[in-house]
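Down below is the structure, laid out as structure tokens.
The values are calculated or read from the model by the stated rules, or taken from the named source; none is laboratory data. Just so it is clear, the structure is predicted and the values come from calculations on it, not from any experiment. Backbone-built Cβ (ideal geometry, glycine too); neighbour counts: all protein chains shown.
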Number of protein chains: 2
Amino acid sequence: MKNDKIYLLRAIEIAANGIIHNGGPFGALIVRNNKVIAEAFNSVVLTNDPTAHAEILVIREASKVLQTHQLYDCTLYSSCEPCPMCLGAIYWSGIKKVVYAYDRTDAEKAGFSDKLIYGEIGLEPSKRKISFIRLTDQGGADVFRKWDELENKITY
Amino acid sequence: MKNDKIYLLRAIEIAANGIIHNGGPFGALIVRNNKVIAEAFNSVVLTNDPTAHAEILVIREASKVLQTHQLYDCTLYSSCEPCPMCLGAIYWSGIKKVVYAYDRTDAEKAGFSDKLIYGEIGLEPSKRKISFIRLTDQGGADVFRKWDELENKITY
């Protein structure tokens, strides 16, 4: 718990550093066995990449460093509650613990859409602000059946 | 609508191509003004990157090609309903329309966690399978206040 606070303060420091370096006000780091594996601040505008949130960047970097897509024994520290995109990435990565300081309401007050997206995600696809259209009669290959039949595949 | 079907069939074709090339059974493309800007299949295992879903990869590629983090006039075609991570990325990118074929239930049957993550996302952070811990007394800098005070910033 003492270390949690130290690493979380570091995440906030990275966020402040992001503001100075033309990034966004979000910072994150990934720690494994009490060792920092990756650090990043939000770089969406800086790199023209809408997915370049601090959490996505540290997950990608930690996966690269550890050469695995499964970060089971890692903890993610983030200055702010992860948005739905980053939450999804956390689940896919297998990270088991996340510690954060500010939340989606704080982010909303600062002009970010985290809370709006959390609201949208629970709606039926057809009722969202973005048009989600499912075409079931497209006649394409049944790719999941092909996947099922594939031998020696690595699942996750 | 006719073009929607053509591009969606291409997304499924890319997914099938992914299976052949050691990727996952998901394909996506981004189209702007009837021109394909980016195509990708799921490369999570192939590249050791848990964020390398087809939709994330095409959003990153299209942003690179178009040199902007805002893909307002683009449509995303995906063989499967985007997972919460990719849905979040779609909102952040500003894409206004998404067309897909299979859904989260089909993905679940093929062994993927999309539906589980959709369920988790609506829960209170403290009630999820992954431990989400908020520390409010960490004493760090108020980075959102610093952000508010910043002049000439690019918001999104």
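Conditions (1) under 28 Å from A:Glu55 (Cα atoms); (2) among the polar types (S, T, N, Q), marked per residue:
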position: B:Asn17; (1), (2): no, yes
position: B:Ala62; (1), (2): yes, no
position: B:Cys74; (1), (2): yes, no
position: B:Ala89; (1), (2): yes, no
position: B:Thr105; (1), (2): yes, yes
Does the range A:129-155 hold any residues that are facing chain B (nearest Cβ under 7 Å), within 13 Å of B:Ile20 (Cβ to Cβ) and in a loop (DSSP other than H, G, I, E, B), and which are they? A:Ala141, A:Leu150
Note: among B:Ser79, B:Ser93, B:Ser63, just one is more than 30 Å from A:Asn17 (Cα to Cα), facing another protein chain (nearest Cβ under 8 Å) and among the small types (Gly, Ala, Ser), namely B:Ser79
Consider B:Asp103 carefully, then state whether it is surrounded by fewer than 24 Cβ atoms within 10 Å (Cβ to Cβ), under 29 Å from A:Arg104 (Cβ atoms) and touching a strand residue (DSSP E or B) at 6+ places or on another chain (Cβ under 8 Å). yes
Positions within the range A:59-113 being of a type in the set (A, V, I, L, M) and either under 12 Å from the mean Cα position of the chain (by Cα) or on the phi > 0 side of the Ramachandran plot (or both), in sequence order: A:Ile59, A:Leu76, A:Met85, A:Leu87, A:Ala89, A:Ile90, A:Ile95, A:Val98
Meets criteria (modelled with pLDDT under 95 and within 18 Å of the chain's Cα centre (by Cα)) for B:Lys127: no
B:Phe112 being surrounded by 15 or more Cβ atoms within 10 Å (Cβ to Cβ), more than 7 Å from every other protein chain (Cβ to nearest Cβ) and under 30 Å from A:Lys96 (Cβ atoms): yes
Could you tell me which of the residues B:Ala16, B:Ala52 is under 20 Å from B:Tyr102 (Cα atoms), at the interface with chain A (Cβ under 10 Å from one of its Cβ atoms), surrounded by fewer than 21 Cβ atoms within 10 Å (Cβ to Cβ) and in contact with a helix residue (DSSP H, G or I) (Cβ under 9 Å, 6 or more places away or on another chain)? B:Ala16
Return yes when A:Val44 is crowded, with 19+ Cβ neighbours inside 10 Å and touching an Asp or Glu at 6+ places or on another chain (Cβ under 9 Å) and no when it is not. no
Restricting to the range B:12-62, name every residue that is over 16 Å from A:Ile56 (Cα atoms) and among the small types (Gly, Ala, Ser). B:Ala15, B:Ala16, B:Gly18, B:Gly23, B:Gly24, B:Gly27, B:Ala28, B:Ala38, B:Ala40, B:Ala62
Residue list for the range B:123-144, restricted to those being of a type outside the set (A, V, I, L, M, F, W, C), surrounded by 12 or more Cβ atoms within 10 Å (Cβ to Cβ) and within 19 Å of A:Asp114 (Cβ to Cβ): B:Pro125, B:Arg128, B:Arg134, B:Gly140, B:Asp142
